[in-house]
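J.: Got a structure here, written out as structure tokens. Questions coming.
The values are calculated or read from the model by the stated rules, or taken from the named source; none is laboratory data. In this text the structure is predicted, and so the values were computed from the model without any measurement. Glycine also receives a Cβ, built like all others from the backbone with ideal geometry; neighbour counts cover every protein chain displayed.
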């Protein structure tokens, strides 16, 4: 028999999963170019990196760490984006085993259009939930995420 705390934890797990699935589904319905959220996240990392660090390239390993996914998953996503002509893959000049990834014009365009679409979804959500409601949920989720990251096995 589960304790009240165990039930609450289970409901938290289930609730987080449900929110993630529903948000992903809604976002993928409005993203252009048949992008998935994981694909968009790769484009977003490449765009942010170019803006913040003035570095036009990331390696698959850097993307895997940033996305908190395996290098194999990144390779799969990169292959999908390459087929859509949204990224360029170049040999790493210092490491022949690695590649340098950058956005193409098509990738930058898809990212821009995605940001517009996602901002509309964000506006819809903000009409339903106050900043106080959102701020109330964030501390416990942040604390829980930090604990999971620190105690990863």
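J.: Would the stretch 99-109 turn up any residue that is closer than 23 Å to residue 72 by Cα, assigned to a helix (DSSP H, G or I), touching a helix residue (DSSP H, G or I) at 6+ places or on another chain (Cβ under 7 Å) and at pLDDT 95 or above?
T.: Yes, there is a match, as at least one residue in the stretch 99-109 is closer than 23 Å to residue 72 by Cα, assigned to a helix (DSSP H, G or I), touching a helix residue (DSSP H, G or I) at 6+ places or on another chain (Cβ under 7 Å) and at pLDDT 95 or above.
J.: While we're looking at this one, here's another question. Taking residue 82 as meeting all but one of (1) surrounded by 14 or more Cβ atoms within 10 Å (Cβ to Cβ); (2) in contact (Cβ under 8 Å) with a residue 12 or more places away in the chain; (3) under 27 Å from residue 34 (Cα atoms), write down the number of the exception.
T.: Failing condition for residue 82: (2).
J.: Follow-up. For a quick check of your reading of the model, give me the residue pairs whose first member lies in the stretch 111-128 and is more than 14 Å from residue 33 (Cβ to Cβ), whose second is in a helix (DSSP H, G or I), with beta-carbon atoms closer than 8 Å and at least 6 apart or on different chains.
T.: 120/30; 121/26; 121/27; 121/30
J.: Sticking with this structure for a sec: Considering every residue within the stretch 16-29, establish whether at least one is within 15 Å of residue 116 (Cα to Cα), surrounded by 13 or more Cβ atoms within 10 Å (Cβ to Cβ) and either touching a strand residue (DSSP E or B) at 6+ places or on another chain (Cβ under 8 Å) or in contact (Cβ under 8 Å) with a residue 12 or more places away in the chain (or both).
T.: For the stretch 16-29, residues within 15 Å of residue 116 (Cα to Cα), surrounded by 13 or more Cβ atoms within 10 Å (Cβ to Cβ) and either touching a strand residue (DSSP E or B) at 6+ places or on another chain (Cβ under 8 Å) or in contact (Cβ under 8 Å) with a residue 12 or more places away in the chain (or both): present.
J.: Which residue, of 100, 118, is buried (at least 17 other Cβ atoms within 10 Å of the Cβ), over 26 Å from residue 23 (Cα atoms) and under 20 Å from the mean Cα position of the chain (by Cα)?
T.: That would be 100, the only listed residue that is buried (at least 17 other Cβ atoms within 10 Å of the Cβ), over 26 Å from residue 23 (Cα atoms) and under 20 Å from the mean Cα position of the chain (by Cα).
J.: Shifting gears a bit: Given the conditions (1) surrounded by 11 or more Cβ atoms within 10 Å (Cβ to Cβ); (2) farther than 30 Å from residue 19 by Cβ; (3) modelled with pLDDT under 95; (4) out of contact with any helix residue (DSSP H, G or I) (no Cβ under 8 Å at 6 or more places or on another chain), which single one is not true for residue 94?
T.: The number of the failed condition is (1).
J.: Kindly indicate whether any position in the stretch 52-70 is surrounded by 10 or more Cβ atoms within 10 Å (Cβ to Cβ), assigned to a helix (DSSP H, G or I) and out of contact with any helix residue (DSSP H, G or I) (no Cβ under 7 Å at 6 or more places or on another chain).
T.: Yes, the stretch 52-70 has at least one match.
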